[in-house]
Amino acid sequence: MYILHDPLLEKFREIRAYQRKTKKAKAKKNDELAKLLLSRAPSYRLDMVIRDRYPTFIDALRDLDDPLTMVHLFAMLPAIDRLKIEVKRIHNCRRLCHEWQAYISRTHKLRKVFVAVKGIYYQAEVDGQKITWLAPHARQQVLTDDVDFNVMLTFLEFYEALLGFVNFQLYHSINVKYPPILDPRLEALAADLYALSRYFDANHRAAIQEPQVAGTSRSEQEQEESDLRLAQLQHQLPANEPGALMHLVQDASSEIEEEETTRNCKNLFQNKKIFLSREVPRESLLFVIPAFGGIVSWEGDGAPFAESDDSITHQIVDRPTQGHVYLSREYVQPQWVYDCINARIILPTEPYMVGRDPPPHLSPFVDDEAEGYVPDYAKTIRQLQAAAKSDIQPLPGTGNDELDNSQNMLAEGFINRTEAMEAAEKKQEMMFLEKQYHNELKMELQGVSSINKLNSEDTESKEQSLPDVEEQSAEDPSRLMMSRKKRGLYKAIEMGKQQKKERVEKLKERKRNIEAAQKSEKKHKKAQVS
């Protein structure tokens, strides 16, 4: 009954009636009436639907993963009239994406980035909510007939309205007018993110230079702000609610942690001036580098500074060779930026130099400890993080200079660990054989002969035809008390553990094969040189 009385249904009926009138006028070749009806066609808004579905702003942020992914997808699609994908809709999606990225970059809310085959995964933290979305790679998209775009366009219509409301609220939370008014020259050059950053800077300067209210001094304004904050705290802390003070302290501590994380992200690429070559993913790097405090430019019109600027510290290149080389800067591959963001430290640039195979790009969304396999480069990054925090104590006879040198730390991290792992496995095998030998000696001393042992093995082979429940109870008596459903769940858990173990063993085997191939290749090169 609630859906039947929805105001949108009345609007849909009006629109259908107008479409019939327009069709009738066109059939009668009454062009003037048809134009008049089209100009007065009713339209509908989704404000009430969004307000009903998301009563608070936190609810909208919590449900923002799918809208951001859908809007970023359509921002990269071509406009096709056959599938009703209009140019106006594509431009609106791109505008919403750039506005969202500009806010995240300006407020330094970005936390994780991972480049995959499907696209680039981003994760931001806004008002305590972790928002993850996928942006496709900037390449020509081919649309297939397997997808029903009518359903996707219906979802997109709602997601566009939702993202517009969210952007409006976020921009007003930092005292920036929405929608932004951009520089038309930069818009024509498709430099929307840079135009939005300049718009943020202009609004920030205007807010600082805004004259104070007449008759009030700075101390009086600070006193008013403190009184307002105290009134808010008193409103949040009811006198009769138990545990309200503890909740308030927890909220305050979480806010402090979020501010500290934001401060660390803001200072990651501080004092770093980065230039982007034309072959790198420019739009993604223009988004992530300023989000972590860096200054960035690119090759083309409207750029903040040129490639010949002497103050450039790093240049992002994705080609095997470089024509003109400036000695005052470092040339690295784009993966260096993303790995630095995920590690939250400035990694050494030597493994990411032009023409080299970079280290493995590790996903920040995977918990290595829970998976049971920690890659070598993850261990290296942890050593570098500990060295950056000065958590590693120097060994006897060594100074702090070796620990401060991140290049040496990275070289130590790439030391071959296969020999150590093989030695540990051999030691474990020898311990097992020794224990087995002692057990056999103990059995002989107790008078248990090998014939009895063979007889027991025969009886065990005969008893294998018993039901599954009895076998399970013999292995684990506690499983006898389980119901069939719980037994099946327990079996599924055991199968999951076994699959994880097999996956880890497969990764280790692949690693051993790669290292063996590298060793054979080095031996072959040495033989050729000799």
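The values are calculated or read from the model by the stated rules, or taken from the named source; none is laboratory data. What you see is a predicted model, and the numbers here were worked out from it, not measured in a lab. Note: ideal-geometry Cβ built from the backbone for every residue, glycine included; neighbour counts use all protein chains shown. Note: accessible area is taken over every heavy atom of the protein model, side chains too, but ligands, DNA and RNA are not part of it. Shrake-Rupley method; radii C 1.70, N 1.55, O 1.52, S 1.80 Å.
Tabulated data for the structure shown
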item: Restricting segment 482-530 to residues that are within 35 Å of the chain's Cα centre (by Cα) and β-branched (Val, Ile, Thr), the residue that is surrounded by the most Cβ atoms within 10 Å (Cβ to Cβ); result: Val504
item: Segment 304-334, residues that are aromatic (Phe, Trp, Tyr) and not in a loop (DSSP other than H, G, I, E, B); result: Tyr331
item: Residue check for Ala34: of a type in the set (Gly, Ala, Ser), part of a helix (DSSP H, G or I) and open to solvent by less than 90 Å² (accessible area, probe 1.4 Å); result: yes
item: Subset of segment 262-292 [in a loop (DSSP other than H, G, I, E, B), more than 18 Å from the chain's Cα centre (by Cα) and of a type outside the set (Lys, Arg)]; result: Asn267, Phe269, Gln270, Asn271, Ser277, Glu279, Val280
item: Check on Gln101, within 15 Å of Ile289 (Cα to Cα) and either assigned to a helix (DSSP H, G or I) or open to solvent by less than 50 Å² (accessible area, probe 1.4 Å) (or both); result: yes
item: Qualifying positions in segment 335-364 - touching a helix residue (DSSP H, G or I) at 6+ places or on another chain (Cβ under 9 Å), of a type outside the set (A, V, I, L, M), free of Cβ contacts under 8 Å to residues at least 60 places away in the same chain and assigned to a loop (DSSP other than H, G, I, E, B); result: Thr349, Arg356, Asp357, Pro358, Pro359, Pro360
item: Which listed residue, of Ser277, Ser297, is free of Cβ contacts under 8 Å to residues at least 60 places away in the same chain, of a type in the set (S, T, N, Q), crowded, with 19+ Cβ neighbours inside 10 Å and in the same structural domain as Glu350 (by the TED database); result: Ser297
item: Test set (1) in contact with a Pro (Cβ under 6 Å, 6 or more places away or on another chain); (2) open to solvent by 40 Å² or more (accessible area, probe 1.4 Å); (3) of a type outside the set (S, T, N, Q) - Gly119 fails condition number; result: (2)
item: Test for Pro7: is it outside the structural domain of Leu162 (by the TED database) and within 39 Å of the chain's Cα centre (by Cα); result: yes
item: Hits in segment 153-174 (condition: touching a residue at least 24 places away in the same chain (Cβ under 8 Å) and either among the basic types (Lys, Arg) or open to solvent by 40 Å² or more (accessible area, probe 1.4 Å) (or both)); result: Phe155, Glu157, Phe165, Gln169, Ile174
item: Counted residues, segment 370-388 - those being within 19 Å of the chain's Cα centre (by Cα), free of Cβ contacts under 8 Å to residues at least 40 places away in the same chain and exposed (fewer than 14 other Cβ atoms within 10 Å of the Cβ); result: 1
item: Met443 being touching a helix residue (DSSP H, G or I) at 6+ places or on another chain (Cβ under 9 Å) and either at pLDDT 65 or above or assigned to a helix (DSSP H, G or I) (or both); result: yes
item: Residue check, Thr22 farther than 20 Å from Leu156 by Cβ, in the same structural domain as Leu162 (by the TED database) and of a type outside the set (D, E, K, R); result: no
item: Odd one out for Lys29 among (1) assigned to a helix (DSSP H, G or I); (2) of a type in the set (D, E, K, R); (3) over 50 Å from the mean Cα position of the chain (by Cα); result: (1)
item: Any hit, segment 315-333, residues being over 16 Å from Leu285 (Cβ atoms), touching a residue at least 24 places away in the same chain (Cβ under 8 Å), surrounded by 12 or more Cβ atoms within 10 Å (Cβ to Cβ) and of a type in the set (Val, Ile, Thr); result: no
